[in-house]
Amino acid sequence: AKQAGRNNFRFYKAEMNELAMYRLRMESDLRNAIESQEFVLYYQPQMDLKSGRISGVEALLRWQHPRPGLVHPAEFIGVAEEIGLIVPIGAWVLEQACTQAAAWQRAGCPPLQMAINLSARQFAQKDLVSSIDAALRRSGLAASQLEIEITESLMMTDVEQAAATLNELKRLGVRLSVDDFGTGYSSLYYLKRFPIDKLKIDRSFVRDIGSDPDSEAIVGAIISLAHSLGLSVVAEGVERHEQLAYLARCGCDSMQGYLFSAPLESEAMERMLRGLPPS
Ligand code: C2E
Ligand code: CA
Ligand code: CA
Ligand code: CA
């Protein structure tokens with residue numbers, strides 16, 4: 001057993017080295033990625049359930065790495081967050097998203113909400129509000145058209161600080177939405193305390209519509225809770241008609257998911273905004 005244990009250890013050590021190498025490599029590649037213009041934004045439309053129109057899009061980051069190709073955020077956001085690179089990356093996302101939304105509007109596309117994801121590190125930056133203000137001014141996008149997605153955990157780490165920042169953002173005129181709603185803190189206290197506009201029901205609840213009555217009950221309850229507090233609700237990860245039908249029955253305001261569209265490159269997104277078929 002001892003022998004096997006040692007071998008095991010050696011095996012793990014080799015694997016750890018590989019992992020450490022991979023990690024180092026990713027860090028140095030990430031440090032180059034902004035300068036080398038390897039990041040791209042994809043856009044996923046949100047459909048308004050009453051009008052059937054696109055009410056907004058969520059900007060989702062992709063890394064066009066020269067070697068493995070398109071890298072999804074799950075693979076690099078965590079590392080970028082740990083080494084602090086998420087701050088300049090997030091600033092790039094903000095700039096790019098505002099510029100794109102303003103450009104679509106100038107090109108005659110119907111006005112829409114542009115949603116971006118904010119990381120905890122970004123949220124803690126002292127100059128967050130002024131940098132958002134500056135990006136809005138540079139792009140010419142109205143503050144009311146920018147939506148900031150924050151998570152429950154991000155708001156709950158320092159409640160006083162979060163409230164101050166969110167109030168400032170609100171004063172600027174941007175919209176605030178709670179991402180992955182229902183998966184974080186169990187306290188609903190912050191819904192009263194913070195100037196939130198919208199809840200995004202997490203995909204894990206939406207996924208089980210049609211198979212799990214508890215998830216259906218939770219989804220229904222989130223929608224009534226949101227509406228009674230004057231908030232709007234978007235459901236994430238809608239993939240099947242059955243889910244859409246249930247959400248519509250509950251009065252959900254909008255939905256986002258593969259059923260309607262996957263995240264698209266900007267050209268494809270623009271065609272969709274113009275009501276053109278995919279090229
Ligand atoms: P999220 O904010 O919850 O974004 C939704 C994720 O669900 C996206 O994954 C999207 O592509 C995926 N998705 C959309 N519709 C469906 C569906 O119908 N079914 C399924 N199974 N998935 C669907 P993505 O783009 O890989 O992003 C993953 C996460 O990475 C995001 O989760 C967000 O937390 C983070 N992220 C993405 N872009 C940024 C960014 O610019 N900044 C920061 N800080 N985080 C980002
Ligand atoms: Ca999001
Ligand atoms: Ca989400
Ligand atoms: Ca998520």
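The values are calculated or read from the model by the stated rules, or taken from the named source; none is laboratory data. Predicted model only: the values in this text are computed from it and were never measured. Cβ coordinates were reconstructed from backbone atoms using ideal geometry, including for glycine residues, and neighbour counts include every protein chain displayed. Side chains are part of the model used for accessible areas, which takes the heavy atoms of the whole protein and leaves out ligands, DNA and RNA. Shrake-Rupley method; radii C 1.70, N 1.55, O 1.52, S 1.80 Å.
Heavy-atom surface analysis with a 1.4 Å probe gives segment 175-279 a carbon and sulfur content of 51 percent of its accessible area. Largest first and in whole Å, the equivalent-ellipsoid semi-axes of segment 1-141 read 39, 18, 14, each the square root of five times a Cα gyration tensor eigenvalue. How far is helix 159-172 tilted off the main Cα axis of the chain, in degrees rounded to 10, range 0 to 90? Between helix and principal axis, roughly 50 degrees. If R0 is 25 Å, what FRET efficiency do you get for ALA221 and SER51 from their C-beta distance, rounded to 0.05? Once the sixth-power term is evaluated, E becomes 0.50.
Taking the alpha carbon gyration tensor of segment 92-158, multiplying each eigenvalue by 5 and rooting it gives semi-axes of 24, 13, 8 Å, largest first.
Rolling a 1.4 angstrom probe over the protein heavy atoms with all chains in place gives the chain an accessible area of 52 Å² per residue.
Put one equal scatterer on each alpha carbon of segment 125-279, apply the Debye formula with no solvent term, and list log10 I(q)/I(0) at q = 0.16, 0.20 1/Å to two decimals. So the normalised log intensities are -1.00, -1.26.
The stretch between ASN17 and GLU267, if pulled fully straight at 0.36 nm per residue, gains 85.9 nm over its current Cα-Cα span.
Remark: the LYS126-LYS170 segment gains 14.2 nm on full extension, using 0.36 nm per residue and subtracting the alpha carbon distance. Restricting attention to the chain, the count of lysine pairs at 8 or more positions apart or across chains with alpha carbons under 20 Å apart stands at 8. You can think of it this way: the chain between GLN64 and ALA107 has 12.8 nm of extra reach, that is 0.36 nm per residue less the Cα-Cα gap. With both labels modelled 7 Å from their Cα along Cα-to-Cβ, the ALA134 to TYR189 distance reads 3.5 nm.
Quick check: the distance between the Cα centres of segment 64-112 and segment 136-210, to the nearest angstrom? Cα centroid of segment 64-112 versus Cα centroid of segment 136-210: 19 Å apart. In this structure, the amide hydrogen of VAL71, modeled 1.01 Å from its nitrogen in the peptide plane, lies closer than 5 angstrom to those of TRP63, GLN64, HIS65, counting only residues at least 5 positions away or on a different chain. With the highest mean first, a sort of the peptides 14-22, 112-120, 154-162 on other beta-carbon atoms found within 10 angstrom per residue produces 112-120, 154-162, 14-22. Of ARG23, ARG121, ARG240, which is the most mobile in a GNM of the chain whose springs link Cα atoms less than 10 angstrom apart? Of ARG23, ARG121, ARG240, the most mobile in the Gaussian network model is ARG23. Here the ratio of the Cα radius of gyration of segment 109-210 to 2.2 N^0.38 Å is 1.11. Taking amide H positions as modeled 1.01 Å from N, with prolines and chain starts lacking one, the residues under 5 Å from GLU58 and 5 or more places away or on another chain are GLN44, GLN46, ALA115. Projecting label points 7 angstrom from Cα along Cα→Cβ for LEU24 and TRP92 puts them 2.3 nm apart.
When peptides 217-225, 141-149 are ranked by their average number of other Cβ atoms within 10 Å per residue, the highest-first order is 141-149, 217-225. Distances between placed amide hydrogens fall under 5 Å for LEU118 paired with GLU149, all partners being 5 or more residues away or on another chain.
Spread over its residues, the convex hull of the C-alpha atoms of the chain is 178 Å³ per residue.
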